[in-house]
1. Give me the percent of Cα-Cα pairs in the chain that sit more than 24 Å apart, rounded to a whole number.
2. Taking 0.36 nm per residue of separation and subtracting the Cα-Cα distance, what length does fully extending Thr102 through Lys87 add?
3. Are there GluC sites (Glu not before Pro) in region 1-93 that DSSP puts in a loop and that have at most 16 other Cβ atoms within 10 Å, and which ones?
4. Rounded to the nearest whole Å³, what is the per residue volume of the convex hull around the Cα atoms of region 67-111?
5. Find the eigenvalues of the gyration tensor of the Cα atoms of region 1-44, then list the square roots of 5 times those eigenvalues as equivalent ellipsoid semi-axes, largest first, in whole angstrom.
6. For the chain, calculate the relative contact order in percent as a whole number, restricting contacts to Cα pairs under 8 Å that are 6 or more residues apart.
7. At a Förster radius of 22 Å, what calculated FRET efficiency corresponds to the Cβ-Cβ distance of Glu40 and Ser10, to the nearest 0.05?
8. Could you grab the relative contact order for region 57-111? Cα pairs under 8 Å, six or more apart, rounded to a whole percent.
Amino acid sequence: MKFLFDENISFRIVKQVSNAVPQSIHVSQSGLNKPPTDREIWSYAEANNFLIITFDEDFQDLANVNGFPPKVILLRTGNSSTRFISKLLINKLPDILQFYQTEVYGLLEIF
């Protein structure tokens, strides 16, 4: 399992989760056009087996239309610090891993 963090999350989060979720990257490290469209991010995540982490509800729409993969974690934490988000994701890793392994769900909302 590896995370692809959307542009609306600080690139600094990669370092904060790297021990728990190696090979995770920020979209700015993907080599995609800047700024990439949601569709480009979706395609990149699908081709490279990433789980998308985002605040952007447009990915919920993409998940509803396209199904999965890729899977999407939609953060519903409001305006939160990078440290808070990284700690939240690390604390939720058992749930995230279960979500990642299921063949039933393609979207996980974390509050």
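Laboratory data are not the source of any read-out in this text; all were calculated from the coordinates shown. Being a predicted model, the structure only gives us computed values, none of them experimental. Cβ sites come from the backbone with ideal geometry, for glycine too, and all protein chains shown count toward neighbours.
1. Roughly 14 percent, rounded to a whole number.
2. This chain segment gains 3.1 nm when fully extended.
3. Hits after loop and neighbour filter: Glu57.
4. Cα convex hull per residue, to the nearest whole number: 69 Å³.
5. They are 19, 11, 8 Å, listed from largest to smallest.
6. Answer for the chain is 28 percent.
7. Once the sixth-power term is evaluated, E becomes 0.65.
8. Averaging sequence separation for qualifying contacts and normalising by length gives 54 percent for region 57-111.
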